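Read through the structure below, which is laid out as structure tokens, and then see the notes.
The values are calculated or read from the model by the stated rules, or taken from the named source; none is laboratory data. A quick note: this is a predicted structure, and the numbers were derived from the prediction, not measured. Ideal geometry is used to build each Cβ from the backbone, glycine not excepted, and the neighbour counts take in all protein chains shown.
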Amino acid sequence: MGAAHVAAQRAGAATVPGTACAVTFAGRSTVVIPAGQCMFSDSVPLRTEDGADLAVSLGLPDATGPASWHPATLTTGYRTEGAGHGADADGKAFARADQSWYFLDGVDVINPAVRGAVVAFGPSTNDCIGSAPDANERYPDKLARRLLTLPDGERMTVLNAGIAGNRLLSDNGTCGPSALNRFVRDAVQQSGVRAVILCEGTNDVATRPGLDLGTVAYTRMIEAAHASGLTIIGATLQPHEGAGFYSPAGNRLREAVNEWIRWSGSFDDVADFDRILLDPRYPRRLLPAYDSGDHLHPGNAGYDAIADSVDLAALAALADNDRLREQVA
């Protein structure tokens, strides 16, 4: 990494004048990131408001070859072939656009008014394929806005650990490591995390690995969360009859997985996305008002329903897990 900057985003690639800050790593503007690892920058003195968008510019001195990326962000990113434009406020040099993010893994914000973070962990339901682009209408965004209404000391932030196409058990070159293989990195080790909402398995029912294999994976992630003093909430899998990979056998597995999530007692609590999203007349299908059109992903109204279904008081109580943390310590 040759240079990095962060600023308050104004519109498109343009930033608010005077907000651009150079990002350093142990005091240096350049950094070499070992393959498969993350590097934390030094802190940046940039004040930001709740829900504000940031513009993070990463300058790469050489051609990278295959890049670490998040392919389906539903947020437009911008690129330029020229060097030295990271602090430009007008954004004119950034003429190439796509809806992917490259290299950047996350941003930590110091906020004494919040008590910690909830990780929304899952596949494209977390990426929120089907919602409006550049609108921050993902279900984790909506849940974050609801959590902002809580009093100081009870508020929490939401970290979106969604990867479209992600599977519970199988690694994939495009969609990243399996949920099981990335859970510690993407959930347990996140800064300030207190609770995890786990929604994984929709992409596995097409290959029908079997209920036992799935529940073993869930159990291992539950154990990893509890070993670090975290609360973990299991989310049931949404109906998807009419989607491309739907099959009656896969749906039977989905229903069996949902029954295990609801009644096994393994999770600390259950978020029943299935019952929120299903059509009561045809329970294997999404409610038409919630269907984005592909019969798998909800649209904006469906993601609203998911976020609104989360009981904030119950979530706050579950995340008040200092006693569990003390037992783990």
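Of everything listed in (1) of a type outside the set (A, V, I, L, M, F, W, C); (2) in a loop (DSSP other than H, G, I, E, B); (3) closer than 30 Å to PRO112 by Cβ, the single unmet condition for SER57 is (2). If you go through region 6-49 and keep only what is assigned to a strand (DSSP E or B) and either among the aromatic types (Phe, Trp, Tyr) or at positive phi (or both), you end up with just PHE25. Could you list, in sequence order, all residues of region 58-113 that are farther than 30 Å from ALA187 by Cβ and among the charged types (D, E, K, R)? Within region 58-113, ASP62, GLU81, ASP88, ASP90, LYS92, ARG96 meet the criteria. Are any of the residues in region 179-194 over 15 Å from LEU315 (Cα atoms), in contact with a strand residue (DSSP E or B) (Cβ under 9 Å, 6 or more places away or on another chain) and part of a strand (DSSP E or B)? Scanning region 179-194, I find no residue that is over 15 Å from LEU315 (Cα atoms), in contact with a strand residue (DSSP E or B) (Cβ under 9 Å, 6 or more places away or on another chain) and part of a strand (DSSP E or B), so the answer is no. Of all the residues in region 200-219, those that are touching a helix residue (DSSP H, G or I) at 6+ places or on another chain (Cβ under 6 Å) and either charged (D, E, K, R) or assigned to a loop (DSSP other than H, G, I, E, B) (or both) number 5. Out of the residues in region 153-164 meeting the condition of being part of a loop (DSSP other than H, G, I, E, B) and either touching a helix residue (DSSP H, G or I) at 6+ places or on another chain (Cβ under 6 Å) or at pLDDT below 90 (or both), tell me which one is surrounded by the fewest Cβ atoms within 10 Å (Cβ to Cβ). Restricting to residues being part of a loop (DSSP other than H, G, I, E, B) and either touching a helix residue (DSSP H, G or I) at 6+ places or on another chain (Cβ under 6 Å) or at pLDDT below 90 (or both), the top hit is GLY153. The set of residues in region 165-174 being without any contact (Cβ under 8 Å) to a residue 24 or more places away in the chain and assigned to a loop (DSSP other than H, G, I, E, B) consists of ASP171, GLY173.
Scanning region 65-114 for residues that are without any contact (Cβ under 8 Å) to a residue 40 or more places away in the chain and over 21 Å from ALA20 (Cβ atoms) gives GLY65, PRO66, ALA67, SER68, TRP69, ASP98, GLN99, SER100, PRO112. Here ARG275, ARG284 are screened, and the one residue that is out of contact with any helix residue (DSSP H, G or I) (no Cβ under 6 Å at 6 or more places or on another chain), among the basic types (Lys, Arg) and over 15 Å from GLU200 (Cβ atoms) is ARG275. Identification of helices (runs of 4 or more DSSP H) wholly contained in region 221-329 with 2 or more residues that are closer than 18 Å to LEU143 by Cβ yields 273-277, 300-309, 312-319.
Total residues in region 33-86 satisfying the condition of being of a type in the set (Ser, Thr, Tyr) and either in contact with a helix residue (DSSP H, G or I) (Cβ under 7 Å, 6 or more places away or on another chain) or more than 23 Å from THR15 (Cα to Cα) (or both): the figure is 2. Residues of region 135-152 include at least one that is assigned to a loop (DSSP other than H, G, I, E, B), surrounded by fewer than 20 Cβ atoms within 10 Å (Cβ to Cβ), within 15 Å of the chain's Cα centre (by Cα) and in the same structural domain as THR207 (by TED's automatic domain parsing). Would you call ALA206 on the phi < 0 side of the Ramachandran plot, touching a Phe, Trp or Tyr at 6+ places or on another chain (Cβ under 6 Å), surrounded by fewer than 22 Cβ atoms within 10 Å (Cβ to Cβ) and of a type in the set (Gly, Ala, Ser)? The answer is yes for ALA206. Somewhere in region 37-56, is a residue touching a Phe, Trp or Tyr at 6+ places or on another chain (Cβ under 7 Å), surrounded by 14 or more Cβ atoms within 10 Å (Cβ to Cβ) and without any contact (Cβ under 8 Å) to a residue 60 or more places away in the chain? Yes, region 37-56 contains at least one residue that is touching a Phe, Trp or Tyr at 6+ places or on another chain (Cβ under 7 Å), surrounded by 14 or more Cβ atoms within 10 Å (Cβ to Cβ) and without any contact (Cβ under 8 Å) to a residue 60 or more places away in the chain. Scanning region 261-278 for residues that are farther than 16 Å from SER309 by Cα and surrounded by fewer than 18 Cβ atoms within 10 Å (Cβ to Cβ) turns up TRP263, SER264, GLY265, SER266.
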